[in-house]
Amino acid sequence: METEKNNKPTIDEKPVQAEKKAGKTTGRETHWSARQLALMSISIALGTLLAFIAIPLIPGAATLTYDPGNVPALFGGFAFGPVAGCIIGVLSLLLHFLLSGDNWVGPAINAILLIGVIVPAALIYRQKRTTKRLIVGLVVGCLVAMVLVIPANYAAWYIYSGPAFVNSDFFFPFVLSAILPFNVIKLSLNAILSFGLYKSLYKLVER
């Protein structure tokens, strides 16, 4: 008779039954324990603070600056599910918007792209918690977000500045030469940072 091997839960194998006993969320659950809510609150605060970092990435486009404020939301998506990740991301962006006094266009576009990353990435990873699925989820999420870059920018700037601006000779060349490359770099950095953060701290959130 074969004996069952003793398998410790790791990032590459976490039994669903153990997850449910501990009160963890799955990709389809939207109830969280008090400990998880506390960690989500910390993630929101951290994301808000990190959003004040401004690192210019594209020469000649001073308004396109990178900040790691989306990383806690991606971390939350992997740890607690896509709904939690989206809540963390949207609330972080909202708080930063209220505190910074910037116009709403940037945060609105950022929210759309962030949700585009979190939902597929978290769903793919939480179906089977392996390092490979974590990487695949991030890649798929980044590709989905890149597909959304042009329509999200067009819609937001159309509402904010009107049809004359988005149909001008300036808008689409700027999107193609600056906004698209900026988002490729930004999404790549966020994916690398969130992967490293989750690999480092997953034992804390899965405990």
* In segment 152-169, which residue that is in contact (Cβ under 8 Å) with a residue 24 or more places away in the chain and of a type outside the set (A, V, I, L, M, F, W, C) is nearest to Ile112 (Cα to Cα)? -> Asn153
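Looking at Ala61, Ala54, which one is surrounded by fewer than 17 Cβ atoms within 10 Å (Cβ to Cβ) and touching a residue at least 24 places away in the same chain (Cβ under 8 Å)?
Ala61
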* Asked: Has segment 84-104 got any residue that is surrounded by 19 or more Cβ atoms within 10 Å (Cβ to Cβ), of a type in the set (S, T, N, Q) and either closer than 16 Å to Phe182 by Cα or touching a Leu at 6+ places or on another chain (Cβ under 6 Å) (or both)?
  -> no
* Asked: From the list Glu19, Glu4, Glu13, which one is modelled with pLDDT under 90, surrounded by 12 or more Cβ atoms within 10 Å (Cβ to Cβ) and not hydrophobic (A, V, I, L, M, F, W, C)?
  -> Glu19
* Structure fact -> For segment 80-106, the count of residues that are closer than 18 Å to Ile42 by Cα and in a loop (DSSP other than H, G, I, E, B) equals 1
* Can you tell me which of Val136, Val105 is modelled with pLDDT of 90 or more and farther than 27 Å from Pro56 by Cβ? -> Val136
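Restricting to segment 121-132, name every residue that is more than 10 Å from the chain's Cα centre (by Cα) and part of a helix (DSSP H, G or I).
Residues satisfying the conditions are Leu123, Ile124, Tyr125, Arg126, Gln127, Thr131, Lys132.
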* Kindly indicate whether Gln36 is of a type outside the set (Lys, Arg), part of a helix (DSSP H, G or I) and at pLDDT below 55. => no
* Asked: Given the residues Pro59, Pro68, Pro72, which is the only one that is part of a loop (DSSP other than H, G, I, E, B) and within 11 Å of the chain's Cα centre (by Cα)?
  -> Pro68
* **Leading residue by the ranking (modelled with the lowest pLDDT) among those in segment 165-183 that are aliphatic (A, V, I, L, M) and closer than 20 Å to Ala108 by Cβ** => Val166
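The values are calculated or read from the model by the stated rules, or taken from the named source; none is laboratory data. Computed from a predicted structure; not experimentally measured. Methodologically, a virtual Cβ is constructed for each residue, glycine included, from the backbone with ideal geometry; neighbour enumeration extends over all protein chains shown.
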